[in-house]
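The structure appears below as C-alpha cells.
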Amino acid sequence: MYDILRKSSVRSILKDLVSGYIIEYKVSFPKKDVMYLVDDKILDDKTLQLLLENNIITSAGNESLAVCPKCGSFNLHVILICPIHKASLQKIEIYEDKTNGNIIQGSFLTVTQNLVRRGYFFKCEKGETVINPAFVFRCENGHTFNLEEAVIINVRKYKVNEDALKQLKNYFDELQAASDYLSGKGYSIDEERKVKGLSGVEYEFDIKAISENQQLVFYFINGDKIEEFLSLLPKLYDLSQTNNLSLNVFVVTGKQVNEDLLHMFDRYNVKVVKAESAQELLDYLTKNLK
C-alpha cells in the first residue's frame, strides 16, 4: 500500500480521508458523468482504481439518484404544492384551547398549558384547503421540476476501509514526527522527495531531508512481504553507484527483518529501522542522529 502513498496527488487525498473527509460525488452536466471528490479534490478513474486495488476504499453498493435536469444537482428538497393551482402550500397547525374547547388555527403558535396541538392541514396560496397535496423537487440552485422531468443517475458509492485508515494514520503520524524532528535539527524537508541514481532514473522516497553536508531519505515498508524489500535492491544499487557519500538511506518497517536481508542492505550502507509507531521512530532518531 505504501507505494501509492509516495504519489503526491494520492497522498494529499489520503491525508484528507485520515482527517475525516468523506468521498462525495457530483453529476457533471451536460455529459451526466458522475465525479467523485474528497474535500473538492477530484478522484480521477486511475486514482479511484488505485485506492480500490490497495483496499483503502471499498464499494458500498449502488444508488439511483434523481438529479435536476437543468444543472445536475442532486441536493434536492421536496416542495408540496396544490395539485390544482400548482402553487406552494402553507402548513397550518391546529390547536385546541383547553379552557373553552375552541379550535384555533395558526402557523406560529406554540403548545402551552392551555393550547394543545391537534394536527395540521395545508392551505394553498389561492386560499383553498388541500387534502392530498402533490410535490415537486427544488434543487440547491432554485430550479423546480417534477419526478417525470428528473434525470435518474446510477451512482456507485464508496467507503473508507477502517483498518486501512488506521494504517494510514500511523504512516502520516510517523512522517510528521520524523519531519518535525529533522526540521528541529536544522534539516530542510524536500517536498519532491526524489533522488537520482547513476542511470538517471529518479527514485521517490517518503521523506527527504537536506542539510549542508547530508541528505537523509526514508523509505517506509508496510507489512512483511519480502517482495517489497527485494524490489528496493535495484534502486539501492543504482543509487550506490553515484558514490554520493552524503546520502543516507533509512528503511522503516514495523516487522523484524531476517539476517540475510539485513546483510544485503548493509552492502549499500542502508540502515533498517524497526518502528511500529511515531514514538518508536522518534526514539531511534534521537538515539542515532546526533
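Derivation of every value follows stated rules applied to the coordinates shown; laboratory data play no part. Note that the structure is a prediction, hence the values are computed from the model and not measured. Counting neighbours? That spans all protein chains shown, and the Cβs are built from the backbone with ideal geometry, glycine included.
See the values below:
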item: Potential lengthening between N269 and K70 on full extension [0.36 nm per residue; Cα-Cα distance subtracted]; result: 65.4 nm
item: Cysteines without a disulfide-compatible partner [the chain; Cβ-Cβ under 4.7 Å]; result: C71
item: Computed over the range 90-216, the ratio Rg/Rh where both radii use C-alpha atoms and Rh is Kirkwood; result: 1.45
item: Two-site label geometry, S28 and F121: point separation in nm, points 7 Å out along Cα→Cβ; result: 5.2
item: Distance between modelled label sites at K287 and S211, nm, 7 Å Cα→Cβ extension; result: 2.0
item: Inter-label distance, nm, simple model (7 Å from Cα along the C-beta direction), E192/N114; result: 8.1
item: Where Cα atoms sit under 30 Å apart: lysine pairs in the range 1-95 separated by 8 or more or lying on different chains; result: 25
item: Gyration tensor (alpha-carbon) shape descriptor, the range 165-288, a/c threshold 1.5; result: oblate
item: Local electrostatic count at T110 - Lys and Arg +1, Asp and Glu -1, tallied over other residues with Cβ under 10 Å; result: 0
item: Spin-label proximity, E96 to the range 118-143 - amide N less than 20 Å from point 7 Å beyond Cα toward beta carbon; result: 118-122
item: Estimated Rh, the range 24-83: Kirkwood, alpha-carbon pairs, angstrom; result: 13.7
item: Projected area averaged over orientations for the chain, convex hull of C-alpha atoms, nm²; result: 24.6
item: Nonlocal amide H pairs with V130, under 5 Å, H built at 1.01 Å; result: F122, K123, C124
item: Between the range 246-263 and the range 176-195, the Cα center-to-center distance that results, in Å; result: 20
item: Globularity index of the range 83-132, i.e. its alpha-carbon radius of gyration over 2.2 N^0.38 Å; result: 1.30
item: Extension gain (nm, one decimal) between H77 and H143, 0.36 nm per residue minus Cα-Cα; result: 22.7 nm
